[in-house]
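Only the coordinates and a few stated rules stand behind these numbers; no lab work does. The structure presented is a predicted model; accordingly, all values stated were derived computationally and were not measured. With ideal geometry, Cβ positions are generated from the backbone for all residues, glycine too; neighbour counts draw on all protein chains shown.
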Amino acid sequence: MNVSRNKIAEEHGDFFPVSPKKDWSVGLLRIIWALVIFTGGAVLGLSVSAQYNQYLKTQTTELFFPTKMYTTNCGKEKLSIKNFVHPTYLLHDMTDEELFWRATLVPRIEVYPYNRKPKVAFMFLTRGPLPFAPLWDRFFRGHEGLFSVYVHALPQFNLNVSEASAFYGRQIPSEEVSWGSISLVDAEKRLLANALLDFSNERFVLLSESCIPVYDFPTIYKYLVNSKHSFVESYDEDSPQGRGRYSRHMYPNIKLYHWRKGSQWFELHRDLAINIVTDYQYYLIFSKYCKPSCYPDEHYIPTYSNMFHGELSANRTITWVDWSRDGPHPATYGNQNITEEFIQKIRNNKSLCTYNSELTSICYLFARKFAPEALDLLLDLTSKMINF
């Protein structure tokens, strides 16, 4: 039996080996697969390493050479002296705190690095429409570059004027305002701060929607720009409407003899405007203790300016108003009142005041309070007697 098996094995080779052995081809195949796997792993590793190095290089470059700073700004958002000293657009997202800080930056170098022509900032504090915008547009026409316009209205109000109007695009970011509250002072300081962003603004006039000019632009511009003083009315009144509004809680920072009253409608030189926007200490005292019938808009600036900057003010207002009638509001004038004699009476009311420490009969440059219905008559009168 064994003999026959050996014989069969010799005849048919190793098809049925008695002891199994590794085939040399199987080993070769395994070696090839190992090389393939190794090569694939090496390629994959190098690829991942290259991507990581590229990422690291990109992050390092962005850290030390930011794209926004060195690419975007260089191409599209360059800083320029023009945009800094004369902002084109009034819209911004600054808080009042940020705005006031930005507005009170003062350059240490007195010489301007550009051709600065002093401008007058006309600041309108209103709740809504400006019925006398056509009159003011006629007043401003032809004097571009010598004035700026700023409008503080209710936040939800959009002033609808043509692109040709001096009021177009001149609304500033605003907040709600309540009559007789500290919010009126907030609005005044907000107007001043926005106007201070333009370094060419030298004089700052606060006006209402019921105000009109009673002289032409060249006369008013020359009067304000050449004045050595600001025009802030500030006086001591021993009455319930004067000293009676003082709160003893203001002591000792504000004493009774410091307390002053005056017209809300002021005109300021740039230096005094910066000081008022800068002040927080006395503003905080007023915000705490000048309410609800204290009327901080009639006392804060008159008191503050008298305490610290009295020498900078002519101590009078340049806005005429009629308080001869009883009540908390001045008289309002409509169509039946608008005559040439009436305007002349405002311009030459036989009173004398000081201008640059000398007596003058020109005391009022603006007047209020006029009803919207008076617009057409005022336009007719101003073209005849005020030359605009």
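Annotations
- 246, 89 arranged by Cβ crowding within 10 Å, fewest neighbours leading: 89, 246
- Rounded to whole numbers, the Karplus 3J(HN,Hα) couplings from phi for region 105-119 are 5, 10, x, 7, 7, 6, 7, 6, x, 8, 7, 8, 10, x, 10 Hz, using 6.51 cos²θ - 1.76 cosθ + 1.60 with θ = phi - 60°, and x at Gly and Pro.
- Restricting the trypsin sites (Lys or Arg not before Pro) of region 103-181 to loop positions (DSSP other than H, G, I, E, B) with no more than 11 neighbouring Cβ atoms within 10 Å leaves 108.
- About its Cα centre, the dipole of region 130-212 is roughly 160 debye, where the only charges are +1 on Lys and Arg Cβ and -1 on Asp and Glu Cβ.
- Order of 250, 307, 385 - criterion: other Cβ atoms within 10 Å of each residue's Cβ, fewest first: 385, 307, 250
- Taking the convex hull of Cα positions in region 82-211, its mean projected area over all directions (nm²): 8.4 nm²
- Normalised convex hull volume, region 233-388, alpha-carbon set, Å³ per residue: 147 Å³
- The H on the amide N of residue 147, modeled in the peptide plane, is under 5 Å from the matching H of 120, each at least 5 residues off or on a different chain.
- Label-to-label distance, nm, for residues given as residue 249 and residue 33 (7 Å Cα→Cβ offset): 9.0 nm
- Fully extending the segment from residue 352 to residue 162, taken as 0.36 nm per residue of separation minus the present Cα-Cα distance, adds 64.4 nm.
- Exposure proxy ranking, count of Cβ atoms within 10 Å, fewest first, for 359, 191: 359, 191
- Across region 84-89, computed HN-Hα scalar couplings (Karplus, 6.51 cos²θ - 1.76 cosθ + 1.60, θ = phi - 60°) run 6, 8, 9, x, 7, 10 Hz from first to last residue, x flagging Gly and Pro.
- Using θ = phi - 60° and Karplus 6.51 cos²θ - 1.76 cosθ + 1.60, couplings along region 136-144 (whole Hz; Gly, Pro as x): 5, 4, 5, 4, 7, 4, x, 10, 4
- Each principal axis of the Cα atoms in region 95-316 has its own extent, and those three values, largest first, are 51, 40, 35 angstrom.
- Tensor-based shape of region 243-287 (alpha-carbon gyration tensor, a/c under 1.5 rounded, otherwise prolate or oblate): oblate
- Built amide H within the under 5 Å cut-off of residue 214, gap 5+: 366, 367
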